[in-house]
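Down below is the structure, laid out as structure tokens.
Bear in mind these aren't lab numbers, they're just calculated from the coordinates by the rules spelled out. In this text the structure is predicted, and so the values were computed from the model without any measurement. Note that we place each Cβ from the backbone using ideal geometry, even for glycine, and neighbour counts take in every protein chain shown.
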Amino acid sequence: MKRITFASMIMALSFSLPEVGHSEETPAGQELFQKHGCTNCHGADGVHPTSRYVPILRGKPAGYIFENASAIFSGQHKSEKTHFMHDQFCIGDAKEEGCYPAPNQADLRLIADWLGGDKALSEKHKTEQGLYVTSVDAYKRLQDLGDQALLIDVRTRAEVAFLGMPTMAAANIPYMTPDFETWDEAKQNFKMVPNSEFTIRVQGLLSKRGLTKDTPIFLICRSGSRSAKAANLLGLAGFKQVYTVTDGFEGGQIKEGPRKGERVVNGWKNAGLPWTYQLDKDVMYFDL
Ligand code: HEC
């Protein structure tokens, strides 16, 4: 059953975007979820399991799904129900004959990101690649990945200068810049203009560090909308793993109460993650 899914996927791929590895419509995690046969029990969408013993996965936090899946596939977590998974996959010492290879950590990551991703997200926070992380998850992942990943702050230079930035950001590369001579009536603010050099500057940063378009890139803005747009742009330019930090640096605005409108809900700063007003010139953005 799984072989057929896999073969049809390969065929579909050879018609669409062979060099990208996954089609633009389907996030990588979703394809891996099918390829590994997770759909056999958890349902095609992770929402409609095929048996009542199987939990719904979609919408649970990505970090939770990753950790639980890792525990199951490494054989660490066993319950009266995990044998269902053990029957299909090669887990633990007593491997079933003809078992399927358990997915590796990288595949589980992408699956978890897809499953955990977009349920609670509004349209403006969603991206084509569907790779979402909260600031807390981003921090953990960046620590694990070390110099094999980049955190890029895509806010304006003014925001960075006056509000500070995450200490681990590799660069500030603004996705948009304000035109202080033009007023945007609809937004009741200065007009924001796309930075036409955005993609090329990201590429430049990767090259400088000997990294490639496969390198995981984490984009952070104020509260997750600009970083989503920037992620889509990089996706179109062939960057393969572009994550958007869904809650951003300052986070979303509180909806009611005396502090209504203030950004005290979530985000990098509110989560107590390391950030600084002490800017590093090498990380700043200069017009060349
Ligand atoms: C043969 C059926 C089956 C297949 C195939 C299967 N699962 Fe499961 N999965 C289960 C069952 C049953 C449980 C509940 C285990 C328990 O409660 O101990 C479970 C639990 C989980 C959990 C823990 C959920 C939670 O809320 O704690 C995760 C995560 C998970 N599966 C991910 C996956 C992924 C990813 C794949 C594909 C690589 C997969 N599963 C394939 C049956 C399956």
For segment 37-92, how many residues meet the condition of being surrounded by fewer than 16 Cβ atoms within 10 Å (Cβ to Cβ) and in contact (Cβ under 8 Å) with a residue 60 or more places away in the chain? 1
Picked from segment 144-184 (must be more than 15 Å from N195 (Cβ to Cβ) and of a type in the set (S, T, Y)), the residue nearest to the chain's Cα centre (by Cα) is T167
A44 being in a helix (DSSP H, G or I) and either under 18 Å from Y100 (Cβ atoms) or within 8 Å of the ligand (Cβ to nearest atom) (or both): no
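Just give me the residues in segment 47-59 being at positive phi and near the ligand (Cβ under 7 Å from one of its atoms), in sequence order.
If we filter segment 47-59 for residues that are at positive phi, which is where we start, we get 59.
Listed by number, the list is empty, since nothing qualifies.
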